[in-house]
Structures are given as C-alpha cells and as structure tokens.
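Working notes, beginning with the structure itself.
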Amino acid sequence: MQQNIDDFFRDLESNPDQKSLPYFVKKEFEKFLSCGLLAHGFVRLKCSDCSESLIVAFSCKCRGFCPSCAGRRMSERAINLTDEVIPFVPTRHWVLSLPFELRYWMASDDDLLKKVNGIFCAEINNYLCKKARKLGVKGGETGIVSFLQRAGGALNLNLHYHLLVLDGLYTTGEDGSPIITRFPGIENDELACVVRGVSRRVIKYLRKTGRLSEDGEEVYIGDDRDEEHEALSHLKRASVSSRIALGPRAGLKVRRVGSSFGFEEEIPKNQSYGCVSMNGFSIHAATSIKAHERDRLEKLLRYLGRGPVSHERISLDENGNILYKLKSSYDGATHVMFSPMEFIEKLASMIPPPYKHQVNYYGCLSSHSKLRAEIVGSLAVEFCGQDYLQQEFQNDGEAEVEPDDPPASRYIPWAELLKRTFGIDLSTCPKCGGRVRVIAAIIETEAVFKILNHVGLGADPPQIGMKVDKEYVYESFY
C-alpha cells in the first residue's frame, strides 16, 4: 500500500468518465499509513521500580479496515455489552444475508440500509410476540443489538446483519418490574415465517421507492444519489459482484487460487437446522447462549463486531500479489488473489461513510425504551412461569447470584484493553515485573525526532509512494 497508494488515486483522477473518491476514503488511507509509526507520536511509560522506559506508538483509530484498531474496538464493545448492557437472560444469534442487487443499493443508500435493518428486527419481534400469545402473554418486546458487517470472506463488499437478540419477550408486571417470557428452541418452519416476512416487506419497499417493478424485474436507478462520488460507486458495484473495477483486469472476476472448473457466481444455500433462505434472503439462527454463559457471550460479541480484514489471512506470493485465505470454500478455492492496486480497490469499497452507525439498538435495549433502565446489565430478572436464571445456575453447580454493587464506570483503561485484546500487558514491567505508569504523550515533531534518535530508533517515517526492498512478508507490507 505504501508503494501504490499514490498511483491508485492518480489513476482514478485521470479517468475522465469518473469523479475522484470522497475525502473520507483518502483520509482513511492516510491515517492507516501512519498507524503504529513512532515518527507520528507516541506515549512514554516508565517502571516505578527499575526506571525501565517503554515507548508505544499511537494508533489511527480508523473504522474502515485497520486490523489492530478494529481489534481494540471489537474488544471494547464486547466487554461493555457483556458487563454493562446485556442482562443475564438467554440470547440468540441471528444472521441475515441479502440478494446481490440489494447489497449494492444498501451500500449507496443509508436510508435503505436502516429500513432493511428495521424490517428484520421488527419481524423477529413479531415472531416472538406470536409465540408469547400462545402462552397467554400479550404485548411486550425483545431487545436487539444489530451489527452491520460490510465485507465478505473474500474481501468483497457484502453487507449483511448480525443480531444478538434476547431470547425472550419482556413485559411489565403489576408492580412495574420487568418480566421475561422464555421460549424453548426454534424450528425451521418458524424461521420460514420470519424470512417470508422480511422478503415480502423489503420487496414491497423496493417497489414503492422505484427500485423494482411490479413483475419483480430490476430497475436500475443509476448513481444520481451519489454524483460527487462516482468513483466510489464504481468500486462498490465491482466489489459486490467479486469483480475488478480498475486496471488491466477491469471487469474480470477476482482470481481464485485452487478453484475447480466451472466456477459459478451464485453461492448455493445450505439448508440445515436453524437456516432458511428465500428469494436471495437467508436467515440463520441456530446459535443460542444460556443466561450464565458470559464467556461465550463475550466471544460471540467479538465475532459480531470483528473487523473486515484479518492480517493472519494475508500473505504474498513470489510475484508480489496479495493472497487472502478463505475461511471456507464451495468450489475448491483456498485463496483469492489481488494485485496491490486491486487490493487497495477492495479496501476502499468497504470503508463506511462518516457519522453512520454500524451498531444499532432496538426494542427494550434502545435508548427510548422505558424498560431499558430496568433491564440493562441486570442480574435479578423474574421469568414467566419459573425462576429460570436461578434454575440454570443451580443445574451447573454455580453459587447464587450476589446483589448488585453500585454501578461502576464503563471506561476501560487503555492498558487493560490492550491486554484483553492482544495479550500485551503494559501495566507490568517486562524486566522486573514492577508497576508501569504513563509519564508523557509526545506529539511535537521536534521532541519525537530527538527522543527516537536518542534511543536509536528510526525517526524518519516511510514516504508515500517510496519503493522498498521486496521482502514479501506481512510486516514489510503493512
């Protein structure tokens, strides 16, 4: 990226048929290329016992594709949701995959993205309400934390939703306390009703907004909604269909390493327990977590909030092409292959626009719900028909739940976050095991260069567009 980013932007600007990328995309790349470089500033730490000094570089804090920043954000959100937000009730993981055409429309239209998300959450709540009515429970609502994932396993633009849903329905008792009605299991015919409702309502909305005709044929709406960012729309269209947008391979499929003959673009849906598809919409809801399994809950939340790029799956071949390992394959392929310019192109297409939420809260977990203050982070919950939480703890031999302590601050110390994310303990001296404290944050250029030269570290950051020796390892690439 360091070598090719200038050429990438220059090629886009030289194309008379397209306008340049929006400012937030360029800014994302610029900040990423300064992430972790000591020359752009750092924090100094010192051991209280042996006076050992440590230097830690600043991060870019980007929301796009930076693996380290995405990892810290993933851990921080998972810790906060597990410890402070999700009550001690059973939860279920729901996934909604979408048709290819809808993915591009959603990437270009934030209103459509929110609408589909709201429809999915509403259909889940309606499904739970119908089950509750069979038990004589009327009204109520569940709680949902919705994560928008923008990338697929092959670095293609694949917008889909991961939802953590409280596996029950909250109602209010006579004394105003919350009561949750828990439902046993889930069946595929019940999922079929949910996916049918999602498909019907989304298609109705698309027809209402002019994206689909009455007979179901697609209606191309052009890029009039995003005229200033025509180049970004072009990259998104190519990424959704797993094609290349720029360069000598423009319009061709992304190269798959190890794929068999007869590769088909459409991925067959595997019908199994907890997985139902219809008209390109696919819902998976087979994973459930018991109320007391907080470790599993945090692990699942890390998965839901993960970043789009995994550095462990990136490698380089002898020709300098980037190989990205696939987690699973349907045609024998093990990797997808990109040239450096193609790789940058794919990263640019998945950068979220600024001021657009990627995580949303619905139902009783939303900020406007009257029940939120009663249930968020709560341990004592009355279950309809049985003390479900107490029974689960007794069955597993756990001790009884202690009364809540006064609410603590939600702030997670910086050193603790690094320790829980990467296993790096910056609060303990690696030399003597003593306590380490922060003594200064160095951001002035003159002071940065003076200290780095004094300790023998390189003070000059790599220049954009510079050519370096081609030692094809991950560290030199990033």
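Magnitude of the charge dipole for region 1-121, about its Cα centre and with charges confined to Cβ atoms of Lys, Arg (+1) and Asp, Glu (-1), is about 300 debye. Accessible area of region 67-119 with a 1.4 Å probe: how many percent of it is carbon plus sulfur? For region 67-119, the apolar C and S fraction of the accessible surface comes to 45 percent. A 1.4 Å probe, protein heavy atoms only, puts the accessible area of H357 near 140 Å².
Accessible surface calculations at 1.4 Å, restricted to protein heavy atoms, place region 410-454 at 72 Å² per residue.
Positive end of the dipole of region 1-78 (Cβ unit charges, origin at the Cα centre): among C66, C47, F8, the Cα lying farthest that way belongs to C47.
Largest accessible area first, the residues L252, L166 order themselves as L252, L166 under a 1.4 Å probe with ligands, DNA and RNA left out. The residues packed around E345, meaning those with a beta-carbon under 11 Å from its beta-carbon, carry a net charge of +2 if Lys and Arg are +1 and Asp and Glu are -1. Just to confirm my numbers, what's the Cα centroid distance between region 1-80 and region 313-351 in Å? With region 1-80 and region 313-351 each reduced to a Cα centre, they are spaced 20 Å. Would you mind pulling out the separation of the Cα centroids of region 415-445 and region 88-108, in Å? After rounding, the separation between the Cα centres reads 38 Å. Got a sec? Which residues in region 97-111 would a label at D331 touch, if it sits 7 Å along Cα→Cβ and we count backbone N under 17 Å? Only 100 pass the distance filter.
Summarised as an ellipsoid, region 53-206 has semi-axes of 32, 24, 12 Å, derived from the eigenvalues of the Cα gyration tensor scaled by 5 and square-rooted, with the largest first.
The order of H162, H335 by accessible area, most exposed first and with a 1.4 Å probe, is H335, H162.
Estimated from the Cβ-Cβ distance and a Förster radius of 41 angstrom, the FRET efficiency linking R249 and N279 is about 0.80. Taking all protein chains together and a 1.4 Å probe, the residues Y23, Y104, Y303 rank Y23, Y303, Y104 from largest to smallest accessible area. Placing unit charges on the Cβ atoms of the charged side chains and taking the dipole of region 1-126 about its Cα centre, the candidate lying farthest along the positive direction among V85, V95, S108 is V85.
The values are calculated or read from the model by the stated rules, or taken from the named source; none is laboratory data. Just so you know, these numbers come straight off a predicted model, no measurement behind them. Every residue, glycine as well, gets a Cβ built from its backbone with ideal geometry; the counts of neighbours run over all protein chains shown. The accessibility values were calculated without ligands, DNA or RNA, using every heavy atom of the protein model including side chains. Shrake-Rupley method; radii C 1.70, N 1.55, O 1.52, S 1.80 Å.
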